[in-house]
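For reference, the structure discussed in these notes is given below.
The values are calculated or read from the model by the stated rules, or taken from the named source; none is laboratory data. In this text, all values refer to a predicted model and were calculated from it rather than measured experimentally. Cβ atoms come from the backbone with ideal geometry, glycine included; neighbour counts cover every protein chain shown. Accessible surface areas use protein heavy atoms only, side chains included; no ligands, DNA or RNA. Shrake-Rupley method; radii C 1.70, N 1.55, O 1.52, S 1.80 Å.
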Amino acid sequence: NAGVTQTPKFRILKIGQSMTLQCAQDMNHNYMYWYRQDPGMGLKLIYYSVGAGITDKGEVPNGYNVSRSTTEDFPLRLELAAPSQTSVYFCASMALSSYNSPLHFGNGTRLTVT
Amino acid sequence: ILNVEQSPQSLHVQEGDSTNFTCSFPSSNFYALHWYRWETAKSPEALFVMTLNGDEKKKGRISATLNTKEGYSYLYIKGSQPEDSATYLCAFPGGATNKLIFGTGTLLAVQP
């Protein structure tokens, strides 16, 4: 049972480059999330999705885009990488609702923008 | 702007000490509160999902209580061990029931 799988694990980007962080879950969960780890600030929500075709902004969506064409996949796109986007990115999924289900996290993607 | 606050920011205790920390959240329109344990270089792992006022949940030496009327939850660790060293995060739905917003966390260091 793979759970939530994130790729790549590490990536170095130059300023202005673009990339897509991949996230896939095999648990048939409706809800999926992207968080970034900011030092001293815990986890900040970038975008989330309540089902295929539905996405919504979180706390820090600027500079990112997402799509949810299938239940399983929730890629995060950085169009013009900036040093401020250097972070560890976590994808998570949730089965039913926050009322009775916890988040299941992937192993993270460490991104450095130089 | 949703305010989920955790205190203290960090805590250093000796092995065997019992400890507790706090998560504060808006008390209006309460839906759920989550607790997570986050070890360094790993991913956060769920401890508890709490929904009812007065709820108390336990997992080994870790327990949590919930007061939705006054907007706080306590996490307790009894007889701390070095392996309990981690950041403990709470999460609260912000604006939408499934839009989970995290607090800044409490970093616990347990000295052997």
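Do we have residue B:86 as buried (at least 20 other Cβ atoms within 10 Å of the Cβ) and more than 28 Å from residue A:30 (Cα to Cα) here?
Judged against the criteria, residue B:86 is a match.
Which of the residues belonging to segment A:67-79 are open to solvent by 30 Å² or more (accessible area, probe 1.4 Å), at pLDDT 95 or above and not basic (Lys, Arg)?
Filtering segment A:67-79 for residues open to solvent by 30 Å² or more (accessible area, probe 1.4 Å) gives A:67, A:69-73, A:77, A:79.
Those left that are additionally at pLDDT 95 or above: A:67, A:69-73, A:77.
Once the filter is applied, which keeps residues that are open to solvent by 30 Å² or more (accessible area, probe 1.4 Å), at pLDDT 95 or above and not basic (Lys, Arg), segment A:67-79 yields A:67, A:69, A:70, A:71, A:72, A:73.
Within segment A:64-112, how many residues are of a type in the set (Phe, Trp, Tyr) and either in contact with a Cys (Cβ under 8 Å, 6 or more places away or on another chain) or more than 14 Å from chain B (Cβ to nearest Cβ) (or both)?
3
Please find, among A:93, A:97, A:49, A:101, the residue that is open to solvent by less than 10 Å² (accessible area, probe 1.4 Å) and modelled with pLDDT under 95. Steps first, please.
Values: A:93 fails: modelled with pLDDT under 95; A:97 fails: open to solvent by less than 10 Å² (accessible area, probe 1.4 Å); A:49 fails: modelled with pLDDT under 95.
Checking each option against the conditions leaves just A:101.
Can you confirm whether residue B:42 is free of Cβ contacts under 8 Å to residues at least 24 places away in the same chain, within 14 Å of chain A (Cβ to nearest Cβ), basic (Lys, Arg) and not in a loop (DSSP other than H, G, I, E, B)?
Spelling it out, it is not the case that residue B:42 is free of Cβ contacts under 8 Å to residues at least 24 places away in the same chain, within 14 Å of chain A (Cβ to nearest Cβ), basic (Lys, Arg) and not in a loop (DSSP other than H, G, I, E, B).
Among the residues of segment B:59-82, how many are without any contact (Cβ under 8 Å) to a residue 12 or more places away in the chain and loosely packed, with under 13 Cβ neighbours inside 10 Å?
So the count comes out to 1.
So which residues in segment B:22-39 are assigned to a loop (DSSP other than H, G, I, E, B) and either within 14 Å of residue A:105 (Cβ to Cβ) or within 8 Å of chain A (Cβ to nearest Cβ) (or both)?
Passing the criteria: B:31, B:32, B:39.
Within segment A:22-63, how many residues are more than 10 Å from chain B (Cβ to nearest Cβ), within 29 Å of residue B:6 (Cα to Cα) and charged (D, E, K, R)?
Counting residues in segment A:22-63 that are more than 10 Å from chain B (Cβ to nearest Cβ), within 29 Å of residue B:6 (Cα to Cα) and charged (D, E, K, R) gives 1.
Write out, first by first residue and then by second, each pair whose Cβ atoms fall under 7 Å of each other, whose residues are 6+ apart or on separate chains, and whose first residue, in segment A:23-43, is more than 12 Å from residue A:95 (Cα to Cα) and of a type in the set (Asp, Glu) while the second is assigned to a strand (DSSP E or B) and open to solvent by 20 Å² or more (accessible area, probe 1.4 Å).
Close Cβ pairs satisfying both conditions: A:38/A:44.
Any idea which of B:8, B:26 is out of contact with any Lys or Arg (no Cβ under 6 Å at 6 or more places or on another chain) and at pLDDT below 95?
B:26
If residue A:17 meets every condition in (1) open to solvent by 50 Å² or more (accessible area, probe 1.4 Å); (2) within 19 Å of residue A:107 (Cα to Cα); (3) of a type outside the set (Asp, Glu) apart from one, which number is that one?
Failed condition: (2).
Just checking, how many residues over segment B:85-104 are more than 7 Å from every other protein chain (Cβ to nearest Cβ) and either closer than 21 Å to residue B:20 by Cα or modelled with pLDDT of 90 or more (or both)?
Adding up the residues that qualify gives 7.
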